[in-house]
Amino acid sequence: MYSLNGGGRLCSLATPRVMGILNITPDSFYAGSREQGQKALIQRAAAMIEAGATFIDIGAQSTRPDSSYLSAEAEWDRLAPVLPALCRAFPETIFSIDTFHAVVAQRAVEVGVAMVNDVSGGLLDNNMLSTVGALRVPYVCMHMRGTPQNMQSHTQYNDLVLEICDYFIERMAACRAAGIYDIVLDPGFGFAKTIEQNFALLGKLAQFQFLGYPLLLGVSRKSSISKTLGVSADDALNGTTVLNTVGLLHGAHILRVHDVKEAMEAIRLVEKLK
């Protein structure tokens, strides 16, 4: 049975948990997730927590394909006015910072964040792993090739699952060497992967369980759903719920979602089925 220690709050993953997405960005792929003002952010966080979210993942930089790159200072400029207020408003909630900048992770934890979610697995900032190790907070290590700006030109794999496993084995060793032991693995759906590869990966999610760490599933409203169904991200909730359910049946421990209520319902039904 897995558990995470987020800022002294021990969270069991014996039953899957939900991580709500809170974006402080003007350009995230799903318009419904974009919030700017402090009041709106607090209201959205409150709604997600009431619906059952254990974690709230806060991001100030879009990492969708071809997104614009933000420096650490520009990213922090978006976070600084609102992040402390969010952490003060909900002291029992485990907030996660979605960043690949070590200095942003450091500052976020200093104001109350208790988890770091890094799409690059520590490869875009050489100081990230040592910083997280010193902070002693859980770390979500995601698989990606390249950068968000060029990752979709790096989708050539001989064996998708094997190569992602090899990546995680190397990254897990680097994390442990840096003093990080609370690790969550995210296979990186949509990051340096085609639609076909995303579906193949989901079908083989259970194969990552041998790595010995909890798995995070992040498919919410992504283009693999919307393009397959011929709908917009706004209309991709039903497809998201279907794939979240498949992920739960294949061993996902955390669902990272825009829509907490529906994810919680999927968890309750799958747990009842089990």
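Observations on the model:
- Output for the stretch 110-126, where each listed residue is within 18 Å of Asp77 (Cβ to Cβ) and aliphatic (A, V, I, L, M): Val111, Val113
- Residue count for the stretch 209-223 under the criterion of being buried (at least 17 other Cβ atoms within 10 Å of the Cβ) and farther than 20 Å from Met19 by Cα: the result is 0.
- Here Arg44 fulfils each of the conditions (1) under 16 Å from Arg221 (Cβ atoms); (2) of a type outside the set (A, V, I, L, M, F, W, C); (3) in a helix (DSSP H, G or I); (4) modelled with pLDDT under 90 apart from (4).
- Residue ranges of helices (runs of 4 or more DSSP H) in the stretch 57-113 with at least 2 members among the β-branched types (Val, Ile, Thr) and surrounded by fewer than 23 Cβ atoms within 10 Å (Cβ to Cβ): 102-110
- Among residues of the stretch 136-164, those that are buried (at least 18 other Cβ atoms within 10 Å of the Cβ) and either of a type outside the set (Val, Ile, Thr) or farther than 19 Å from Ala102 by Cβ (or both), counted: 11
- Any hit, the stretch 252-259, residues being touching a helix residue (DSSP H, G or I) at 6+ places or on another chain (Cβ under 9 Å), of a type outside the set (Phe, Trp, Tyr) and in a helix (DSSP H, G or I): no
- Cβ pairs under 7 Å, 6+ apart, first in the stretch 123-136 and on the phi < 0 side of the Ramachandran plot, second assigned to a helix (DSSP H, G or I) and among the β-branched types (Val, Ile, Thr): Leu135/Val109
- Set side by side, the residues Leu201, Leu249 differ, and just one is touching a Pro at 6+ places or on another chain (Cβ under 6 Å) and hydrophobic (A, V, I, L, M, F, W, C), which is Leu201.
- Residue check for Gly247: at pLDDT 95 or above, touching a helix residue (DSSP H, G or I) at 6+ places or on another chain (Cβ under 7 Å), crowded, with 19+ Cβ neighbours inside 10 Å and small (Gly, Ala, Ser): yes
- The single condition among (1) at pLDDT 95 or above; (2) loosely packed, with under 15 Cβ neighbours inside 10 Å; (3) of a type in the set (Ser, Thr, Tyr) that Thr241 does not meet is (2).
- Condition check for Asn198: in contact with a helix residue (DSSP H, G or I) (Cβ under 9 Å, 6 or more places away or on another chain), at pLDDT 95 or above, farther than 21 Å from Glu50 by Cα and assigned to a helix (DSSP H, G or I): yes
The values are calculated or read from the model by the stated rules, or taken from the named source; none is laboratory data. Note that the structure is a prediction, hence the values are computed from the model and not measured. Cβ atoms come from the backbone with ideal geometry, glycine included; neighbour counts cover every protein chain shown.
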